[in-house]
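All remarks here apply to the structure that follows.
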Amino acid sequence: MTSPTRIEVRGTVEPRFDEILTPEALGFLTRLHDAFAGRRHERLAARMHSRTEIDLGHNLHFLAGTEGVRNDADWRVAGAGPGLEDRRVELTSPADAHSAAEALASDAQVWIADFEDALSPTWSNIIGGQIALHDAIRSRTTDRPTIAMRPRGWHLAEKHLRYVDRAGQSSPASATLVDFGLYFFHNAAALVAAGSGPYFYLPKLENHLEARLWDDVFSAAEAELGLDRGTIRATVQIETIPAAFEMEEILYELRDHCAGLNAARWDYIFSIIKNFRGRGVSFTLPDRSAITMTTPFLRAYTELLVSTCHRRGAYAIGGLATHIPERAGVEGLAVVAADKRREASDGFDGTWVAHPGLVGTALAEFDAVLDGRTDQLDRQRDDVTVTAADLLDLTVDGQVTDAGVRANVSSALRYIEAWLRGVGAVAIDDRIEDAATAELSRAQLWQWIHHRTVTVEGSPVTRALVTAEVERILQSDRAAGNRFAQAAEVFGKVTLETDFPTFITVAAYPRHLVTVPRRALAAA
């Protein structure tokens with residue numbers, strides 16, 4: 001991997017940005033793009049092909065061609081790196097200075113510094129987040145919590161940086177390679193010296209070939225900085241329905257760098273709707289509040305994840321609790337406690353929370369089951385047998401209600417409005433919402449409209465009904481400086497059109513968050 005710097009900075013260079021966007025770091029990004037940009041495009045094209053096939057009626061199944069990997073009982077993943085042996089409670093929040101200070105002062109075992117669903121990808125937020133992590137890593141005075149960084153997914157671009165290939169062709173940089181590359185280049189050595197390591201959460205993977213691409217990126221980056229192979233540890237989020245059928249293969253491809261899998265519930269449900277959106281009422285789900293983790297398809301998915309992980313020496317990390325303690329009250333905290341109790345009893349080794357105030361509640365439930373241990377890797381869950389039909393059993397005891405329609409409009413619209421203002425984790429009612437919950441909300445609305453769903457109260461879910469609810473919110477919230485007008489426009493494009501955009505962020509980012517530079521890096 002040798003090449004000159006061919007990453008062009010198009011975004012405004014704010015104070016301290018030059019500490020991150022150094023010639024050496026940009027050269028590193030160039031080499032990552034030279035090696036992997038082409039394969040990234042191939043993987044994204046394969047995603048589109050797979051999604052089209054599912055939409056045409058092809059059913060998902062466990063792969064016949066990788067049966068040998070699943071049947072080979074001898075291989076294991078690398079497992080926990082230094083500082084990742086204890087993952088009972090992981091706190092996830094945006095990668096910014098305030099969240100870093102709050103998280104590192106908490107009792108969580110791991111802080112997930114999020115550049116993805118909880119961070120609005122403004123240029124200031126992206127590079128500001130890199131600065132915040134750079135500072136946090138060098139100012140830590142304790143061993144807790146261990147930091148894991150979540151870069152943006154393969155499908156996203158960073159349009160404030162342009163990659164010029166060897167032939168002179170220019171294109172937006174890969175957001176994934178930018179987030180990973182800048183963090184790894186600036187911090188890997190410092191993390192290793194501190195007795196930890198460069199740890200990552202990998203979002204939105206859909207199959208084992210995307211995991212193979214990540215593994216090759218990791219190996220190349222380690223070689224570039226002179227680090228031992230396997231220094232990096234990654235936890236893969238199983239948050240797409242295709243990936244649920246390839247958990248074992250994903251672990252295998254990443255086995256030298258893999259620490260575990262995470263059950264990312266909200267994006268997982270969104271992925272099911274997205275992939276089966278046109279397949280009829282049998283794939284239409286009820287109100288979001290009715291889709292609990294005890295429903296058949298989610299129960300099968302989580303039990304398969306635990307058994308798969310433990311068979312291969314990988315940690316199984318549970319789903320995200322989003323309640324805001326001071327708003328949720330005793331009843332809301334009881335819901336969180338019950339959810340974490342179920343996860344710990346099922347064999348999960350840790351779980352996610354979105355608020356520091358939930359750490360104690362989650363930790364108490366895991367401590368009660370773990371009884372002084374840091375994990376449950378010895379629980380193999382040999383009792384678990386999950387079929388393809390189990391993963392696709394969308395039987396849910398619930399209905400579509402007028403209140404559910406209103407809640408989804410409110411969640412998606414209010415989140416989009418905050419996201420346009422640069423806020424990626426938003427307090428809505430008694431919960432912290434991020435892009436995953438907004439995606440699920442608008443996907444359900446699209447599906448209900450598309451399949452002419454009628455609520456239990458007798459209201460047909462139509463574009464007119466949803467638009468009227470949008471207008472009601474616009475009329476009731478006229479605070480100065482808000483961006484509800486633009487949010488309503490984005491909401492309409494991702495919810496009310498005939499076509500179904502794959503992600504809100506893909507549709508809204510280039511129009512609303514990409515800014516015109518005021519000065520070039522060379523002039524900083």
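Derivation of every value follows stated rules applied to the coordinates shown; laboratory data play no part. The model shown is predicted, which means the values in this text are computed figures rather than measured ones. When we count neighbours, we look across all protein chains shown, and the Cβ atoms used for this are built from the backbone with ideal geometry, even at glycine.
Close amide-amide hydrogen proximity is noted between residue 146 and 110, 111, each under 5 Å apart and 5 or more residues distant or on a separate chain (H modeled in the peptide plane; Pro and chain starts excluded). In sequence order, the range 417-427 has phi-based couplings of 4, 5, 4, 5, 8, x, 10, x, 10, 10, 7 Hz under the Karplus curve 6.51 cos²θ - 1.76 cosθ + 1.60, θ = phi - 60°, and Gly or Pro positions carry x.
How high is the relative contact order of the chain, in percent, counting Cα pairs under 8 Å that sit 6 or more residues apart? Let's see the in-between values first.
Values: 955 pairs, mean separation 96.4, N = 524.
Over the chain, the number comes to 18 percent.
Close amide H partners of residue 174, meaning residues 5 or more places away or on another chain with modelled amide H under 5 Å apart, are 158. Among beta bridges from DSSP that stay inside the chain, the antiparallel ones total about 30%.
Loop-located trypsin sites (Lys or Arg not before Pro) in the range 431-478 (DSSP state other than H, G, I, E, B) with a sparse environment of at most 12 neighbouring Cβ atoms within 10 Å: 452, 478. For the range 62-78, backbone phi angles converted through the Karplus equation (6.51, -1.76, 1.60; θ = phi - 60°) give residue-by-residue couplings of 6, 6, 6, x, 10, 4, x, 5, 5, 8, 7, 7, 8, 7, 9, 7, 4 Hz, Gly and Pro being listed as x.
Of all lysines in the structure, those lying under 28 Å Cα to Cα from residue 493, and not within fewer than 8 positions of it along the same chain, are 159, 204, 274. Database remark: amide H of residue 262 closer than 5 angstrom to the amide H of 236, 237, 238, 317 (H placed geometrically; neighbours at sequence offset of 5 or more, or on other chains; Pro and chain starts carry no H).
Put a plus charge on the Cβ of each Lys and Arg, a minus charge on the Cβ of each Asp and Glu, and nothing anywhere else: the dipole of the chain about its Cα centre is then about 1420 debye.
For residue 429 and residue 170, what does the FRET efficiency come to when R0 = 45 Å and r is the distance between their Cβ atoms, rounded to the nearest 0.05?
Numbers: r = 44 Å, r/R0 = 0.98.
Computed FRET efficiency for residue 429 and residue 170: 0.55.
Treat the range 402-512 as a sphere of radius equal to its Kirkwood radius over Cα pairs and apply Stokes-Einstein at 25 °C in a medium of 0.890 mPa s; give the translational diffusion coefficient in µm²/s, rounded to a whole number. Present the calculation step by step, with values, prior to reporting the outcome.
Working: Rh = 14.0 Å.
The estimated diffusion coefficient comes to 175 µm²/s.
Phi-derived couplings, Karplus 6.51 cos²θ - 1.76 cosθ + 1.60 at θ = phi - 60°, listed residue by residue for the range 294-302: 9, 5, x, 5, 6, 4, 4, 4, 6 Hz, with x used for Gly and Pro. Note: the chain, Cα convex hull, 148 Å³ per residue. Placing unit charges on the Cβ atoms of the charged side chains and taking the dipole of the range 13-390 about its Cα centre, the candidate lying farthest along the positive direction among 376, 243, 59 is 59. I'd like the trypsin sites (Lys or Arg not before Pro) in the range 94-194 restricted to DSSP loop residues with at most 14 other Cβ atoms within 10 Å, sorted by number. In loop regions of the range 94-194 (DSSP not H, G, I, E or B), the sparsely surrounded trypsin sites (Lys or Arg not before Pro) are 166.
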